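Every number here is computed from the coordinates shown, using simple stated rules; none is lab data. Here the structure is a predicted model, which is why all the values come from computation and not from measurement. All Cβ positions, even for glycine, are placed from backbone atoms using ideal geometry, and neighbour counts span all protein chains on display.
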2 protein chains.
Amino acid sequence: MSDLLETVRGLAKKTDSKIVLVVLDGIGGLPLSPGGETELASANTPNLDALAQRSELGQLELVGAGITPGSGPGHLSLFGYDPLKYVVGRGALSAVGIGVKLSSGDVAVRGNFATLDGSRTVLDRRAGRPSDEKNAEIVARLRVAIPDIDGTPVEIYTESEHRFVVVFRAGAGEPLGAGISDVDPQATGVAPLTAMAHDAASERTAALVNAFVSRAEEALRAEEQVNGVLFRGYSDVPHFPSFDDAYGLRAACIASYPMYKGLASLVGMDVLPVEGQEDALDGKLAALRDNWDRYDFFYFHVKKTDSTGEDGDFSAKVKKIELFDALLPQLLALNPDVLAIAGDHSTPSRLASHSWHPVPFLIHSEYSRKDVTARYTEEEAQKGSLGLRRGTDLMPLLMAHALKLNKYGA
Amino acid sequence: MSDLLETVRGLAKKTDSKIVLVVLDGIGGLPLSPGGETELASANTPNLDALAQRSELGQLELVGAGITPGSGPGHLSLFGYDPLKYVVGRGALSAVGIGVKLSSGDVAVRGNFATLDGSRTVLDRRAGRPSDEKNAEIVARLRVAIPDIDGTPVEIYTESEHRFVVVFRAGAGEPLGAGISDVDPQATGVAPLTAMAHDAASERTAALVNAFVSRAEEALRAEEQVNGVLFRGYSDVPHFPSFDDAYGLRAACIASYPMYKGLASLVGMDVLPVEGQEDALDGKLAALRDNWDRYDFFYFHVKKTDSTGEDGDFSAKVKKIELFDALLPQLLALNPDVLAIAGDHSTPSRLASHSWHPVPFLIHSEYSRKDVTARYTEEEAQKGSLGLRRGTDLMPLLMAHALKLNKYGA
């Protein structure tokens with residue numbers, strides 16, 4: 001836990017005020033050529049402009065100077081968890097990415113289906129890249145064959161082709177360690193390796209993994225192609241003080257994509273159902289309205305600003321920004337005590353990828369000072385009174401503006 | 001290693017892009033009287049102005065708020081090494097300052113020549129302040145007398161008057177510790193002290209120092225005045241992850257003065273020969289051009305902006321800034337992917353010394369956002385989009401702009 005989070009935790013108090021944090025995924029951009037305008041600056045955003053004129057702005061660096069954040073670290077930073085400290089590994093992110101809820105102490109493992117011969121020699125590390133349907137069929141069979149191992153619950157999830165994820169649940173028992181060696185030999189013509197524990201906390205995990213390998217081979221004996229499993233990319237789940245524990249907040253997640261729902265559930269938010277296709281802005285707004293009285297904090301995720309940037313489609317990203325702008329009045333009509341708009345990282349169309357550039361952020365509350373900013377853009381945010389900050393500063397600021405923090409010291 | 005450097009190290013990738021970091025030594029200034037213009041603002045710098053208008057600017061604090069950096073900590077910060085963590089002691093800085101290349105595990109010691117009587121009582125702790133020529137003659141004699149001690153290579157360097165430096169080389173053996181007590185009693189009328197180790201890692205060093213004292217006295221027995229040695233100011237050399245290790249960069253140093261070449265070699269840069277007198281800007285530019293294809297990163301040092309500031313000569317500092325401005329087009333003609341201009345500390349002529357004021361810095365790359373800054377000056381840098389930052393943020397930013405960093409997390 002970062003020092004500031006620990007401090008905030010000791011000061012948090014419950015009040016009736018409501019905070020809405022809108023995350024415009026990948027919102028920060030770049031001009032198409034040096035000196036030009038970014039996507040945000042190019043967009044026609046009368047509602048965002050008006051809001052910016054009565055809000056405070058600044059820039060957030062989610063992980064650190066020059067570091068391009070993945071979605072996981074970017075969101076953890078916005079939620080107040082130092083992403084250099086709360087590391088969520090590949091296995092856990094894969095699980096979270098398909099919507100699995102993980103708890104502290106669990107271990108998530110990425111697996112490949114493989115083809116073995118009769119003497120357990122690996123013939124194909126990807127089992128001939130089976131169809132997603134075949135994958136799902138095999139997973140269903142393994143779920144029946146391996147519901148638990150010696151009392152430890154085992155969950156198996158399909159990803160796609162040869163990829164699947166296994167979650168070993170620690171439950172009320174000792175946390176499972178992830179310090180174990182790979183089963184995947186990363187070569188054909190040899191047998192799968194036996195997983196070995198690197199530390200005492202991982203010995204039970206190694207035994208579980210090795211038992212899983214044997215029982216899966218047993219269950220898939222009749223299969224010609226998909227008859228073995230290989231593992232690498234184990235990750236345990238760090239202990240997150242939940243939103244309730246850290247901030248005293250009843251928090252809800254309003255998002256459409258599994259990865260973001262998974263991240264929110266990792267920090268203890270309730271994930272609300274959202275109706276509608278894809279980004280489903282109307283469905284998200286309805287979820288917000290319908291649950292307004294039940295929560296103190298809403299994480300409201302807008303995905304398409306990132307996807308269009310990843311596609312390198314400048315004008316599509318501009319349109320998605322304008323779509324959000326059109327929705328904003330209805331969001332403001334709910335009259336949140338604190339409204340923040342931020343991004344989890346920049347995704348300039350120019351780079352067609354995430355980038356290290358800081359994201360503009362905005363805080364609107366009754367307790368804001370006058371700011372000079374005229375628009376919610378990168379250039380205006382540079383002038384904003386909130387300055388250039390680490391992403392983990394956002395939550396303490398939101399808590400403060402919502403009058404949910406006691407004084408520190410006498 | 002700071003967390004960010006460790007993170008950057010895990011993300012660094014090799015590409016063909018080229019970074020040039022120009023360090024205008026002591027560049028930050030002050031007005032001669034409050035409200036006036038600084039040296040940078042007074043200088044006529046059409047090329048720097050034009051560059052600033054298509055670059056991002058900000059301010060760097062090299063060590064921390066209010067801390068006036070020495071050249072060592074200032075440079076280490078620019079190179080990405082937290083100067084509060086990577087402490088290079090006086091002995092090592094003295095050695096580096098006269099151009100000695102140090103490696104991790106070596107110990108450098110500052111020595112004084114002293115006058116002893118026949119019963120080893122210290123009569124003069126500075127041996128009557130011998131001439132530099134006498135110092136060099138004595139050092140030459142000691143080099144012959146003490147080439148090594150029990151196999152540990154010993155190097156002896158003249159500084160001036162009564163001062164010299166000894167380097168004990170760890171070589172492939174155990175690193176030498178510097179936790180030993182002084183030989184210098186800091187008083188006359190008593191004998192030199194016996195060096196004692198404060199920790200196990202320094203026991204060999206203490207034995208080396210005591211052996212050096214005996215053998216030096218033996219070799220100088222015939223001298224009347226310069227016939228003893230006193231030691232204090234031991235320093236070991238911290239382990240620096242090299243530029244190659246930390247950043248995956250083939251890095252070159254283009255500097256004229258020994259101290260800067262020594263610092264660059266400490267972090268594993270190749271030190272390129274530079275033709276010409278004193279600051280030798282033309283020679284530096286030639287070295288840059290001639291080696292352009294061989295390196296990914298160039299540290300280009302300009303010294304005179306500091307020396308003139310140290311002299312308290314405002315107009316001379318202005319002229320040195322204008323000299324660099326005149327050179328800038330030739331540097332830009334090489335078309336570096338990333339060009340940064342910064343200082344290792346401020347040296348206002350008004351103070352005739354280093355100062356704590358942040359230094360303006362500039363990053364020029366294809367992936368910069370539009371900035372509002374019109375000139376490379378302290379005042380404009382305050383408005384810059386890069387904000388006020390720690391010096392150690394610079395290298396991650398340069399790596400990012402050069403597209404040499406992978407994403408952090410998924």
### Query
Of the peptides B:189-200, A:96-107, how do they stack up when ordered by the mean number of other Cβ atoms within 10 Å, highest first?
A:96-107, B:189-200
### Message
Greater than 19 Å separation of Cα atoms is the criterion. Which listed pairs, B:LYS101/B:LYS261; B:LYS261/B:LYS320; B:LYS14/B:LYS407, meet it?
### Response
B:LYS261/B:LYS320
### Summary
CD proxy, 222 nm, chain B: helix-only mean residue ellipticity via -39,500 (n - 2.57) per DSSP H run with n ≥ 4, per residue, nearest 500, stands at -9000 deg cm²/dmol
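For a test of the definition: using alpha carbon positions, the gyration tensor, and the 1.5 limit on a/c, classify the range B:128-194 as rounded, prolate or oblate.
Values: a/c = 2.30, a/b = 1.24, b/c = 1.86.
Oblate.
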### Task
Choose one of A:LEU398, B:SER202, A:TYR157: the residue whose Cα lies farthest towards the positive end of the charge dipole of the protein assembly as shown (beta-carbon charges +1 Lys, Arg; -1 Asp, Glu; about the Cα centre).
A:LEU398
### Task
Please give the direction-averaged projected area of the C-alpha convex hull for the range A:69-135, in square nanometres with one decimal.
6.8
### Query
So what's the convex hull volume per residue for the Cα atoms of the protein assembly as shown, in Å³?
209
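When a/c reaches 1.5 or more, the comparison of a/b and b/c decides; with that in mind, is the range A:20-83 rounded, prolate or oblate per its Cα gyration tensor?
Oblate is the answer for the range A:20-83, as a/c is 1.5 or above yet b/c matches or exceeds a/b.
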### Cα gyration tensor, the range A:265-318 - rounded (a/c under 1.5), prolate or oblate
prolate
### the range B:268-410 - Rg and Dmax from Cα coordinates, angstrom
16.3, 53
### Task
Only bridges with both residues in the protein assembly as shown count here: give the DSSP antiparallel percent, nearest 5.
60
### Summary
With the dipole of the range A:94-236 defined by +1 on each Lys or Arg Cβ and -1 on each Asp or Glu Cβ, the option from A:ALA216, A:ALA187, A:GLY171 whose Cα lies farthest towards the positive pole is A:ALA187
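Let me know the Kirkwood hydrodynamic radius for chain A, please, with Cα pairs as the basis and the value in Å to one decimal.
One decimal place: 22.7 Å for the Kirkwood radius.
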#### Entry: Average beta carbon contacts from partner chains per residue of B:401-408, 10 Å cutoff
6
### Query
Roughly what would the spin-label model give for B:ASP182 and A:ALA136, points 7 Å off Cα along C-beta, in nm?
8.0
### Task
Would you list, by chain and number, the lysines whose Cα falls below 16 Å from the Cα of B:LYS319, excluding same-chain residues fewer than 8 positions away?
B:LYS303, B:LYS304
### Neighbour-count order for A:GLU217, B:GLU56, B:GLU39, fewest beta carbons within 10 angstrom listed first
A:GLU217, B:GLU56, B:GLU39
#### Entry: Among B:78-88, B:120-130, the order from most to least packed when residues are scored by Cβ within 10 Å on average
B:78-88, B:120-130
### Query
To the nearest 20 debye, what is the magnitude of the charge dipole of the protein assembly as shown about its Cα centre, counting +1 on the Cβ of each Lys and Arg and -1 on the Cβ of each Asp and Glu?
480
### Query
Under a point-charge model restricted to the Cβ atoms of Lys and Arg (+1) and Asp and Glu (-1), what is the dipole moment magnitude of the range B:353-402 relative to its Cα centre, in debye to the nearest 20?
100
### Semi-axes of the equivalent ellipsoid for the range B:13-52, Cα gyration tensor, largest first, Å
31, 13, 7
### Cα pair distances in the range B:226-307, grouped into 10 Å bins until the bin that holds the longest one, percent each
17, 40, 25, 13, 5, 0
### Query
By DSSP, what percent of the beta bridges with both residues in the range A:234-371 are antiparallel, rounded to the nearest 5?
45
### Query
Across peptide A:245-252, what mean number of C-beta atoms from other chains lies inside 10 Å of a residue's C-beta?
0
### Query
How do A:LYS407, A:LYS304 rank when sorted from fewest to most other Cβ atoms within 10 Å of their own Cβ?
A:LYS407, A:LYS304
### Message
Name the residue from A:ASN44, A:THR377, A:LEU351 whose Cα lies farthest towards the positive end of the charge dipole of chain A, charges +1 on Cβ of Lys and Arg and -1 on Cβ of Asp and Glu.
### Response
A:THR377
### Task
Can you quote the Å³ per residue value for the convex hull of the Cα atoms in the range A:94-236, rounded to an integer?
94
### Summary
Here FRET efficiency (C-beta to C-beta, B:ASP117 to B:ARG143, R₀ 25 Å, nearest 0.05) is 0.45
### Cβ-placed point charges (K, R +1; D, E -1), dipole of chain A about Cα centre in debye, nearest 20
500
### Query
Under a point spin-label approximation (7 Å from Cα along Cα-to-Cβ), what is the B:SER353-A:GLN277 distance to one decimal in nm?
7.2
### Message
Between the range B:330-378 and the range A:356-371, what is the separation of their alpha carbon centroids in Å?
### Response
28
### Query
What FRET efficiency, computed as 1/(1 + (r/R0)^6) with R0 = 56 Å and r the Cβ-Cβ distance, is obtained for B:ARG126 and A:LEU334, rounded to the nearest 0.05?
0.10
### Peptide B:362-369, shielding by other chains (average Cβ, 10 Å cutoff)
4
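Nearest 5 percent is fine: what portion of the DSSP beta bridges confined to chain B is antiparallel?
65
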